[in-house]
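Read-outs throughout are calculated quantities, based only on the coordinates presented, and are distinct from any laboratory measurement. In this text, all values refer to a predicted model and were calculated from it rather than measured experimentally. Methodologically, a virtual Cβ is constructed for each residue, glycine included, from the backbone with ideal geometry; neighbour enumeration extends over all protein chains shown.
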Amino acid sequence: MTTAAAQPRATNSVHSQEHLSVFDMFKIGVGPSSSHTMGPWRAAQRFIELLRQRGTFARITRITCTLFGSLSKTGHGHGTDVAVILALAGDDPVTCDTATIDARVAAIRQRKELNLAGSRAGFAFDPATDITFSDQTHAGHPNAMTMTATGPGLEPITQTYFSVGGGFVVTEGAPGSTADKPAPPRSIHTGQDLLDTCASTGLSIPQIVMANELAWRTPEQARAGVLEIWAAMAQCIWRGCHTFGTLPGGLSVVRRAGEMNLKLLGVAGGFASDHTADDFHAWASAVRAAKRDFTTIGKWVSTFALAVNEENACFGRVVTAPTNGAAGVIPAVLMYDHVFNAPTDRAVSDQRVVDFLLTAGVVGALFKQGATISAAMGGCQAEIGVSSAMAAAGLAQVTLAELATPARVLMAAEIAMEHHLGMTCDPIAGLVQIPCIERNTMGAIKAITATNIASESDPATAKVSFDGVVRTMWHTALDMQSKYKETAEGGLAVNITVGLSEC
């Protein structure tokens, strides 16, 4: 291991040959961070499964976890310890009751025991001593954690995991996260691969992506799965737009989406009944029927993004898109299209959602293969930047009609990323709140602007290619100082006094 001050060179290989599904890029889970919450959660689950495979699960009497690098430096603010506790207690981020997380974790801390994997009651576990926040950085990756299990008559079982962004986890010394997947019919690892495949087949980007998805699931499963992703995003927007109060963590950040929603709907003095029912579709209809001038629509886009990331900041259920810290950009742009552009016919609207998310998904996969989607590896350009590029591609695909050529769709993605290059990740107090929540609104607006620019441009005359911007983002990530990579040791994190009540 290196010291905390050192800068480990990235181990994420450029142009990796992993086969990525749209469901690798979009995962339903729990906030506030895909790399610092979701990844460690999955790693701890993987460790429990390792114990079962070795036949030692019933014999171990202690499990410890050591967090390194960024997982240690911002782990408290990101709830990394909470994720490990819940994983060991048998909870899953997709299905757990998010409303009871705080109470359940507090009870485990007080009792100093948990129900290991949901099946061994009374297992001794004291988070204060069994989870260590190390001052070192692992040489293998900035987001590393080592888990160890011991018991009478057993050799210690130790395994290190790397949380590489977007909820992806790599076991040290093991193949990549998707190495065991069957190969899809079309091998796509760069933007040029995608353009060449579209040209040779005459298919659109979402058609190519769907054809590849069929290597892993049926058409019905793929379509239903994508719509389930949208449903989770939509519910997250709805909850965030109908929740008030202050975010946890000590910064006293006031939630704003709820008040903005009320003002934009013209509701004064409290909720109107037709806007409080637990019905996303009724609320979306109210939004659709409200004022539609340029300023108001812009405010709605910001409201949608704020809503998602305010939910994310308080351990709410969100969708990695492609990360939790950037979870609000794509839902905000897709919601914008849903209420202000899309027809009300449900079948047509659903197909539009599918095409949007398939297109966004493959763009995210190309960034992951050619660079990174981890802020601990590349700063916030790897999260907000990538999500904005994904959203721009999806929006271009569904709004530009005959202009939505593969080249123009990737042009929109390139424009969006080009204007996020160099963005640092500097969360105040290690919380995914300031500046993270507002950055999602900016990423959403940039995605819409990028689509508008691409619609009036000729890709043949573009000076910057999609693959060129992916390479540039990666090289920028390598050159960026480690203090600007989700360590809370640079930027706003050290220049703004903790305790501010406003962003």
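Between amide H atoms placed 1.01 Å from N, distances below 5 Å from Thr132 occur with Cys65, Thr66, Leu67, all of them 5 or more places distant or on a separate chain. For segment 432-443, putting each phi into the Karplus relation 6.51 cos²θ - 1.76 cosθ + 1.60 with θ = phi - 60° gives couplings of 7, 10, 10, x, 4, 5, 5, 4, 5, 5, 5, x Hz, in residue order, rounded to whole numbers and with x for Gly and Pro.
Fully extending the segment from Ser285 to Glu113 would add 57.1 nm, taking 0.36 nm per residue of separation and subtracting the current Cα-Cα distance.
Averaging Cα coordinates gives a centre for segment 77-103 and one for segment 423-450; these two points are 24 Å apart. Over segment 266-424, the Kirkwood radius and the radius of gyration, each from Cα atoms, give a ratio Rg/Rh of 0.99. Positive contributions from Lys and Arg (+1) and negative ones from Asp and Glu (-1), summed over other residues with Cβ under 10 Å from the Cβ of Cys65, come out at -2. Look at the alpha carbon pairs under 8 Å that are at least 6 residues apart: their mean separation over the length of the chain gives a relative contact order of 20 percent. Highest mean packing first, where packing is the average number of other Cβ atoms within 10 Å per residue, the peptides 300-308, 430-438, 97-105, 42-50 line up as 300-308, 430-438, 42-50, 97-105. Efficiency by 1/(1 + (r/R0)^6): what FRET value for Gln207 and Thr246, r their Cβ-Cβ distance, R0 = 56 Å, to the nearest 0.05? Plugging the Cβ-Cβ distance into 1/(1 + (r/R0)^6) gives 0.75. Ellipsoid fit via the Cα gyration tensor, segment 34-171: semi-axes of 21, 18, 14 Å, each the root of five times an eigenvalue, largest first.
Taking a straight Cα-Cα cut-off under 16 Å and skipping sequence neighbours fewer than 8 places away in the same chain, the aspartates and glutamates within cross-link reach of Lys263 are Asp274, Asp293.
Pairs of C-alpha atoms in segment 386-503 farther apart than 23 Å represent 39 percent of all such pairs. Put simply, the convex hull of the Cα atoms in the chain casts, on average, a shadow of 23.1 nm². Seen from Pro93, the other residues with C-beta closer than 9 Å to its C-beta sum to a net charge of +1, counting Lys and Arg as +1 and Asp and Glu as -1.
Diagonalising the gyration tensor over the Cα atoms of segment 120-169 and scaling each eigenvalue by 5 before taking the square root yields semi-axes of 24, 13, 13 Å, largest first. Karplus-based coupling profile of segment 158-164, in residue order and whole Hz: 10, 9, 9, 10, 10, 8, 9, with θ = phi - 60° in 6.51 cos²θ - 1.76 cosθ + 1.60 and x standing for Gly or Pro. For segment 160-243, the relative contact order is 18 percent, taking Cα pairs closer than 8 Å that sit 6 or more residues apart in sequence and dividing their mean separation by the residue count.
Averaged over residues, the count of other Cβ atoms within 10 Å places the peptides 82-89, 419-426 in the sequence 82-89, 419-426, highest first.
Using Cα-Cα distances under 8 Å and only pairs 6 or more residues apart, what relative contact order does segment 34-171 have, in percent? Here the relative contact order equals 39 percent. Going from the residue with the fewest nearby Cβ atoms within 10 Å to the one with the most, Phe244, Phe57 rank Phe244, Phe57.
Taken one residue at a time, the phi angles of segment 187-193 give Karplus couplings (6.51, -1.76, 1.60, θ = phi - 60°) of 8, 10, 10, 9, x, 5, 4 Hz. Gly and Pro are set to x.
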